[in-house]
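What follows is a set of notes on a single structure, which appears directly below.
The values are calculated or read from the model by the stated rules, or taken from the named source; none is laboratory data. Being a predicted model, the structure only gives us computed values, none of them experimental. Heads up, the Cβs are rebuilt from the backbone with ideal geometry, glycines too, and the neighbour counts pull from every protein chain shown. Surface areas here come from the heavy atoms of the whole protein model, side chains and all, with no ligands, DNA or RNA. Shrake-Rupley method; radii C 1.70, N 1.55, O 1.52, S 1.80 Å.
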Amino acid sequence: MTGSGLVITIDGPAGSGKSSTALAVARKLRLTHLDSGALYRALTLALLRAGIPEEEWEELDREIWEELDLRLEPEDSAFHVLLDGVRVGPELRSPEVTAAAPRLAGIPEARRRLIDVQRSVAEEVGVVADGRDMGTVIFPDANLKVFLTASLRERARRRLLQEDRPADPDRIEEEAERIRLRDETDETREISPLRRPADSVDIDTTQLTFDEQVDRIVDAARRRASEGLTGRGRVG
Ligand code: DC
């Protein structure tokens, strides 16, 4: 399955495994993974590097947002994020960036800055885009929309394992509380809150293995393709 203009969206709450799932789906279908969270993280990193205090982000002029030099470069099944022409990687996942990104994601000018970045790459290559508003705001006409969920405890457990931290009951509770607060921020913010797209395929992954959840999406995408990629509504 290749071709520019083809879009599969995967939205869902923090820790639902969207990014790793989206990358695996992209590899299987020979598409490119667009990790929209990385873009919010990259803008966050750019402002932290520029030394602009967080309290001032909300008030920044549009020109400042436009001047931030953020680009995406496709390679294999994913995009590299470039800030000032230089690739950024693990810095995007630092605790400082993770803590400040939700604030940035609630700023209308920041979201506006990223709309074209996301839509324009999808004109060049077929994408599997993951985030919070992919199917609702950025790609409302996507060929397939998926909404991934999992229980809070399971999401906490997976996040700890992913970060090589011990997943004992106390730590799971602590992590679950952190994730719950992030969900709340994402779901209650005024602009582009996390919402299930009305026409999405919903997959609860609590009881699924990683391969099973990837296969469900790949199967749904292939079914859509055999329907001519025009169908909307549930195919789950
Ligand atoms: O998925 P993530 O943790 O990398 O996302 C980083 C932040 O960006 C998080 O606060 C959610 C937000 N985000 C968003 O508001 N919209 C998206 N499409 C993707 C991420």
- Task: Count charges around residue 36 for me, please; just the other residues with Cβ under 12 Å from its Cβ, Lys/Arg as +1, Asp/Glu as -1.
- Result: +1
- What is the percent of Cα-Cα separations in the range 18-59 that go past 13 Å? 62 percent
- Item | Along each principal axis, Cα extent of the range 41-108, largest first, Å | 38, 27, 20
- Note on the structure: With x for Gly and Pro, the residue-by-residue ³J(HN,Hα) of the range 178-194, computed from phi through the Karplus equation 6.51 cos²θ - 1.76 cosθ + 1.60 at θ = phi - 60° and given in whole Hz, is 4, 5, 4, 5, 5, 4, 4, 4, 5, 7, 9, 5, 5, 9, 6, x, 5
- Message: Rounded to the nearest percent, how much of the accessible area of the chain (1.4 Å probe, protein heavy atoms only) is carbon and sulfur?
- Response: 48 percent
- Which peptide among 129-136, 30-37 comes first, and what is the full order, when sorted by highest mean count of other Cβ atoms within 10 Å? 129-136, 30-37
- Task: For residue 33, enumerate residues with amide H under 5 Å from its amide H, sequence gap 5+ or separate chain, H modeled in the peptide plane.
- Result: 78, 79, 128
- Task: For the range 145-194, run through the GluC sites (Glu not before Pro) and keep only the ones in DSSP coil with at most 15 other Cβ atoms within 10 Å of their Cβ.
- Result: 163, 190
- Item | Directionally averaged shadow of the chain, computed from the convex hull of its alpha-carbon atoms, nm² | 12.4 nm²
- Query: Any idea of the accessible area per residue across the chain, 1.4 Å probe, to the nearest Å²?
  - Reply: 49 Å²
- Item | Tail beyond 14 Å, pair distance distribution of the range 163-216 (Cα, percent) | 72 percent
- Item | Zone residues, the range 146-163, relative to residue 93, backbone N less than 15 Å from point 7 Å out along Cα-to-Cβ | 158-163
- How high is the FRET efficiency from residue 153 to residue 30, r the C-beta distance, R0 35 Å, rounded to 0.05? 0.50
- Task: Apply 1/(1 + (r/R0)^6) to the Cβ-Cβ distance of residue 69 and residue 207, taking R0 = 41 Å, and write down the FRET efficiency to the nearest 0.05.
- Result: 0.40
